[in-house]
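Read-outs throughout are calculated quantities, based only on the coordinates presented, and are distinct from any laboratory measurement. This one's a predicted model, so the numbers in the text were calculated from it and none came from an experiment. Backbone-built Cβ (ideal geometry, glycine too); neighbour counts: all protein chains shown.
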Amino acid sequence: MAEMRTHARQTFSSAAKEKWWQRTTVYQVYPRSFADSNGDGIGDIPGITSKLEYLKALGIEVLWLSPIYASPMDDNGYDISDYQAIAPEFGTLEDFDRLVAEARDKGIGVVLDLVVNHTSDEHPWFTEARKSRDNPYRDYYVWRKPAADGGTPNALTSSFGGPAWTLDPATGEYYLHLFSRRQPDLNWENPKVRDEIYAMMNWWIERGIMGFRMDVIDYIGKQVDQSIVTDGPHLHDYLKEMNRRTFGGQDLLTVGETWSATPGSALLYSGTEREELSMIFQFEHVTQQWDPKFGKWRARPFDLVKLKAVLNKWQYALSDDGWNALFWGNHDLPRAVSKYGDQRGFPLESAKMLATVLHLQRGTPFIYQGEEIGMTNATFTSIDQYKDIETLNMHRLHVEAGLSPDDFIRGANENGRDNARTPMQWNAGSNAGFTTGIPWIEVNANHVTINAEAAISDEHSIWNHYRKLIRLRKQHAVIVHGRFQSFLDHHPDVYTYTRTHEGKKLVVVANFSARVIPLDLPNELQVSGECLITNYNRVPQLEERIELQPYEAFAVLASED
């Protein structure tokens, strides 16, 4: 295994001043929904291995897998019962080693999802912990006595709805679960817990992985007695310790999921001298579109000005230090073209536009499976079609709170997590080529026209547009390191910015509307040069006044005057 690690590091060598992950693009796979090799209706590791050539052709160099560990699957693998075993429905440890080796041979590194805020209630640590109050594993989790009235210790709530505390009748105490009641929170204040986690991480690193995506990592420093859930006082102490005892000095990619992050706190995680993480996912551009009362379950109108304000803020905040993780979607979010584009009127144009805007910013782009072919949200009509535990719990709670069932379904069809979890659409055949069996969740009916097989063969497809963007990032230092400057920030339909580096200026212009937009360009954008990419069959001229076609987007590379 040590030889495997050395080989992997050599594959991803980089210049002294540039990290290898700054010029690469990451592809996220949701294993349950990617490719099923044995016909049981559930995607698996051999299925992923069979698609490595597809990822290589796209230009992917990092493959991030959502959890593949042993799990009762209460939350589709984010409830782990054994950190060092593979869920049987996904395959075996030998299957995983084969995936890592074959990916490495194709220049692709594998990144694992690290879920260490909580475990499954079926993890041996928890089954021991609940046996008695003096069990050696009791302090691996967060327990509290009932309140004076016998109720929950405090008012903390679960992200999946309801109280964050569940009473264990056998021992008479409540345990904490900030997500499902079957996902008890680990007690990071216990050094034995941290020792176990670091040993587990090193075990996977020795198997040749290239890093970790860290699930809700901002939760691990929680102080429940003060009702502090995220950004606790010891959070960064733990991350520094983790860095020092596991991946630090090994040139691995580490990205934290941090819903609570601000531009200021982002530098605590990812600053060059902090010795914590490579980068974080922030979600401000996601949450600013949610309803104040009902959150994501009530759709709000898209507001480009607000979206630009958030994206620009993060570009400026991390311009001199730190690093952005760039993404439109993931396994928890709606499909990009459905949320930000126009899946009915201009699906190809808007999907390409969104890719152009994101991939040419400063940061590492993350592609969620199917985004590169323009997969869209599901169009479920009944709550019975949903599989996601969050959606099912929130349906009950929000309907009880006064949201109509029809409004909830509309909100779920726009923002629910199952939108991202319908099977990958490989071809126009039965079940989109995902499985020969019955898929665990319904396949989107539009796979007949939206599928990878058709996209690869069409030189004007969304897939080929993504492929070109990935290649451009490898070729042009201005895309990797260029300074970001936005323009026309209050324009309701147009997003435009520049990237400048070592005498080169990249001008990016994008129309977020289905209308033809006449646009007066600022002097700084009136340049002539090479059009690196466009989603229309014409060469744009950056003159004083231009006219943008619906969802048109392009990038022009010029020399600075």
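Among 71-77, 244-250, the peptide with the highest mean count of other Cβ atoms within 10 Å heads the list, and the full ranking is 71-77, 244-250. Distance between the pseudo-spin-label points of Ser50 and Asn38 (7 Å out from Cα toward the beta carbon): 1.3 nm. For the stretch 48-53, the Karplus equation 6.51 cos²θ - 1.76 cosθ + 1.60, evaluated at θ = phi - 60°, returns couplings of 4, 4, 5, 10, 4, 5 Hz by residue, with Gly and Pro reported as x. Against the chain, whose longest principal axis comes from its Cα atoms, helix 2-11 is set at around 20 degrees. Annotation for the stretch 300-339: trypsin sites (Lys or Arg not before Pro) lying in DSSP loop with at most 12 further Cβ atoms inside 10 Å of their Cβ do not exist. Where does the charge balance sit around Asp342 when Lys and Arg score +1, Asp and Glu -1, over other residues with C-beta under 12 Å from its C-beta? Taking every Cβ under 12 Å from that of Asp342, the sum is +3. Listed by chain and number, the lysines whose alpha-carbon sits under 19 Å from that of Lys296, ignoring those within fewer than 8 places in the same chain, are Lys306, Lys339, Lys387.
In this Cβ point-charge picture (+1 for Lys and Arg, -1 for Asp and Glu), the chain has a dipole of about 720 debye about its Cα centre.
Shown here for the stretch 456-561: trypsin sites (Lys or Arg not before Pro) in loop regions (DSSP other than H, G, I, E, B) with at most 15 other Cβ atoms within 10 Å, namely Arg515, Arg538.
Inter-label distance, Arg144 to Gln475: 5.7 nm, where each label sits 7 Å from its Cα along the C-beta direction. Taking amide H as placed 1.01 Å from N in the peptide plane, the amide H of Leu176 sits under 5 Å from that of Val142, Asp185, each at least 5 places away or on another chain. For a straight C-alpha distance cut-off of 12 angstrom, the aspartates and glutamates reachable from Lys222 (same-chain residues fewer than eight places away being disregarded) are Asp185, Glu189, Asp231.
The alpha-carbon of Lys131 sits under 16 angstrom from the alpha-carbons of these lysines, leaving out residues fewer than 8 places away in its chain: Lys145. Between 0 and 90 degrees, the angle of helix 191-206 with respect to the longest Cα principal axis of the chain falls at about 50 degrees.
Working from Cα positions, state the angle (0 to 90°, nearest 10) between the long axis of helix 405-415 and the longest principal axis of the chain. The helix 405-415 is inclined about 60 degrees to the chain.
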